[in-house]
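See below for the structure under consideration.
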Amino acid sequence: MSPAQGGAPAKLRGRGGTRSGPGAPPVIQGTLDGTGLAIAIVASRFNEDLAGRLLDGAVAALRTHGVAPANMTVVRVPGAFEIPTAALHLARSGRWDAIVCVGAVLRGETPHFEWVAGEAARGVSRVALETGVPVLFGVLTVDTLDQALDRAGGKLGNRGADAAEAAIEMARVTRALSAKGVL
């Protein structure tokens, strides 16, 4: 389970699974070394306080893991529904090793939540699958403001930072697969 799905942060996640040694298959996995990576962040402006906290968490995580500020770009969009369109343009540019998407959608009294949250998630996934560029979903989809605050730097961490760490790992996996001739 990824951090964005409620799993432990990368530094606490186990790296278990197939063990190395005689007869073991090779394992390709990412690292949290962001040195030399170019990573874009798409952040919604709607629910600005929450989106801003997620954006700050993502930028801080990227810096912590060695992504130079000159190799980051932040694109602000009106809301979560617009995130996939910006992510698609970034992915098609060929400039970015990964894209982090952050924002917050809170359930209200109408079905609007399901439409926005669902389409944002589907769109981000589609961009990654169609372009081959890792596009990470750090958009909160929660019932209450308290749940959102807990996940935007509160007691449950920062899902923007989690998505940024996953982006670094996936960029490294993609590079490793490319070096092996898989891509």
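Derivation of every value follows stated rules applied to the coordinates shown; laboratory data play no part. Bear in mind that the values here come from a model prediction, so they are computed numbers and not experimental data. Here Cβ is always computed from backbone atoms with ideal geometry, including for glycine, and neighbour counts include all displayed protein chains.
Here are some notes:
- Compared with the dominant principal axis of the Cα atoms in the chain, helix 112-131 is inclined by about 30°.
- Rg/Rh for the chain, where both radii come from Cα atoms and Rh is the Kirkwood radius: 0.99
- The order of the peptides 118-125, 41-48, 94-101 by mean Cβ neighbours within 10 Å, most packed first, is 94-101, 41-48, 118-125.
- Ratio of the Cα radius of gyration of the stretch 60-107 to 2.2 N^0.38 Å, where N counts its residues: 1.27
- Treating r as the C-beta distance of Arg76 and Lys180 and R0 as 30 Å, the FRET efficiency rounds to 0.25.
- The charge dipole of the chain, taken about its Cα centre with unit charges on the Cβ atoms of Lys, Arg (+1), Asp and Glu (-1) only, comes to about 700 debye.
- For the chain, adding -39500 (n - 2.57) for each run of n ≥ 4 DSSP H residues and dividing by the number of residues yields -13500 deg cm²/dmol at 222 nm.
- Values of log10 I(q)/I(0), in the order q = 0.19 Å⁻¹, for the stretch 76-174 under a Debye, Cα-only, solvent-free model: -0.90
- Among the trypsin sites (Lys or Arg not before Pro) in the stretch 124-169, those located in a DSSP loop and surrounded by at most 12 other Cβ atoms within 10 Å of their own Cβ are Lys155.
- Projecting the Cα positions of Ser44, Thr64, Thr31 onto the charge dipole of the chain (unit charges on Cβ atoms of Lys, Arg, Asp and Glu, taken about the Cα centre) puts Thr31 furthest along the positive direction.
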